[in-house]
Amino acid sequence: MATPDREGPFREAAFRDPARASAMSGAIAKAVSALGRSPVTVMHVCGSHEQAIAKYGLRAVLPRELHVIMGPGCPVCVTDAPEVDEGVALALQGAHVATYGDMLRVPGSSLSLADAQAEGARVHLVYSVDQAVGLARRIRGEVVFFATGFETTAVATAAAVSRGVPSNFSILCAHKYIPPAMDVVAGIPGSKVEGFLAAGHAATITGWSVFEPFVARHRLPVVVAGFEPLDILAALLRAVERIRAGSPRVDNVYPRCVTKDGNRRAQEAMWRVFERADGRWRGIGEVPGGSLRLREAFGGLDARRRFAIDATGLPARTPRPDAAQCLCGAIMSGIASPGDCPLYADACTPEHPVGACMVSSEGTCRIWHEYGGHPDLGDIT
Amino acid sequence: MCLGVPGRVVAIEGHTATVDFWGVRRQVLLDIVDEPVSVGDYVLNHVGYAIRRIPDDEIAETLALFEAVLAGQESGDLLADGVRSEIAGTGAGGDGDA
């Protein structure tokens, strides 16, 4: 048996170097201090950024004046309840519904897909769209891929479609496109966000130049960031410097993956299959141009056309009495943090989530619950 | 769902690469990767697709960028001396884990 290669990806360890991290931390403190005010708020829009920030405890080495908050970066969380309802209805109508893992427990306005599965509906967890295509090749029934996520998963869906799918395969498309949601969040009246970290992997697809119109519109700096501790600290330092200098622009501190123009081959696949449309993001509301839908040429693969999806007949659900207190929407908009929510870690836990932010491993509340959101080294030293 | 993971290509057959992720091997499709991929290359994987070949020299470029960011070269500022001395003082791994 071959020995597993344990050297390879450890190349990433260079991006966890404590000496550089310590220097970055000191540099950020000085830059924030030079700004001379509080808070200075920088928003990232990616669950993987929040996971890295929380897992490595990065907030503990940031100055208190610097607020690093997560915006609408959890693809599961922003999938709107009516979209979940469509998936549930299709499953209850007899289709095999295949989707990514976290989608199972996301609440719809009636049942979740997990609830539907418990009632006998055929819901399949897949790691990749190709597993859903493979399922359709193996069985006779209709397989609907409930396609969620941002650019990085949309290109995968597009690639699978481009390669060819069997006739019993269709797509319930709930893909979202990130840049327009940044516009919506930046435009929230009273927003304190002074700079953005852009998600490095979505930008691997789109290229960093996609953010230039945003910078011009909002006069806010955007720094494209990777996912290792140094990537994030370097991006925060650059963002604070841009804020201080009053010279907003797009900076790319993730050049090992992100180029100005991005992955053109992936873009071509994505835009050949999908087009942008207006749509709703859970917790954010209407996002003009923030949803992807199948182009007319691929209309035959659209589950919304192939099936008469009747979500109106789903059983009425009595919401938990405390659900109205859930702050998921405000948290995803960067207005509140999990600690502001009266339900967080009390009535709302990963085992019994109230809102989508506690369901998904990419949701702010779930990540904070797992790792702690804002560790204070003063508490332990 | 959205997790991007770098790994090293250990075999290629047609449009499918076998990629090593910290000792775990998975099949990754090469349909939409930006450049031709060879055995030994690093790729960034998202939901079963390689979306980027990560060239060795760009690892170095990113690390060099960090030094530039720290040195404030691009923004012409402030922090350079203090940070450089801090790096110099901790470069051997001394108190770098503070």
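The values are calculated or read from the model by the stated rules, or taken from the named source; none is laboratory data. Note that the coordinates shown come from a computational prediction; the quantities given were computed from them, not determined experimentally. With ideal geometry, Cβ positions are generated from the backbone for all residues, glycine too; neighbour counts draw on all protein chains shown. Ligands, DNA and RNA are stripped out before the accessible areas are found, and what is left, the full protein with its side chains, is counted by its heavy atoms. Shrake-Rupley method; radii C 1.70, N 1.55, O 1.52, S 1.80 Å.
With q set to 0.16, 0.23 Å⁻¹, the log10 of I(q)/I(0) for the range A:258-381, from the Debye formula over equal scatterers at the Cα positions, is -1.02, -1.22. Site pair B:GLN27 and B:HIS15 shows an inter-label distance of 1.3 nm when each label is modelled 7 Å from Cα along Cα→Cβ. Based on the Kirkwood approach, the hydrodynamic radius assigned to the range A:1-134 is 18.7 Å, with every pair of different Cα atoms included. Using +1 at the C-beta of Lys and Arg and -1 at the C-beta of Asp and Glu, which of A:ALA308, A:VAL40, A:GLY195 has the Cα lying farthest in the positive direction of the dipole of the protein assembly as shown? It is A:ALA308, whose Cα lies furthest towards the positive end. With 0.36 nm allotted per residue and the present C-alpha distance subtracted, the A:ALA323-A:ALA216 stretch has 34.6 nm of extension available. Take the alpha-carbon centre of the range A:247-297, take the same for the range A:54-72, and report the distance between them in whole Å. Spelled out, the Cα-based centre of one part sits 26 Å from the other. At a probe radius of 1.4 angstrom, the accessible area of the range A:241-336 per residue rounds to 51 square angstrom. Directionally averaged projected area (the range B:4-54, Cα convex hull): 2.8 nm².
Spacing of the modelled spin labels on A:GLU275 and A:ALA330, each 7 Å from Cα toward Cβ, amounts to 4.0 nm. Mean per-residue shielding of peptide B:15-25 is 3, counting Cβ atoms of other chains within 10 Å of each Cβ. Under conditions of 4 °C and 1.567 mPa s, the range A:119-251 yields 75 µm² s⁻¹ as its translational diffusion coefficient, taking Rh as the Kirkwood radius over Cα pairs in the Stokes-Einstein equation. With the convex hull of its Cα atoms as the shape, the range A:79-132 has an orientation-averaged projected area of 3.2 nm².
What percent antiparallel are the DSSP beta bridges of chain A, to the nearest 5?
Counting DSSP beta bridges with both partners in chain A, the antiparallel share is about 20 percent.
For the protein assembly as shown, treating each Cα as an identical point scatterer without solvent, what Debye log10 I(q)/I(0) comes out at q = 0.07, 0.13, 0.14 1/Å? Each listed q maps to, in turn, -0.36, -1.25, -1.42.
3J(HN,Hα) couplings calculated from phi for the range B:9-20 with the Karplus curve 6.51 cos²θ - 1.76 cosθ + 1.60 (θ = phi - 60°) are, in sequence order, 6, 10, 7, 9, 9, x, 8, 10, 10, 9, 10, 8 Hz; Gly and Pro show x. Within the range B:1-20, what residues put their amide N at less than 14 Å from the label point 7 Å along the Cα-to-Cβ vector of A:ARG16? The answer is B:6.
In plain terms, the chain from A:GLU119 to A:ARG37 could stretch by 24.0 nm, reckoned as 0.36 nm per residue minus the Cα-Cα distance.
The label point for A:SER209 and the one for A:THR312, both projected 7 Å from the Cα toward the Cβ, are 4.8 nm apart. The Cα-based radius of gyration of the range A:39-318, divided by its Kirkwood radius, gives an Rg/Rh of 1.00.
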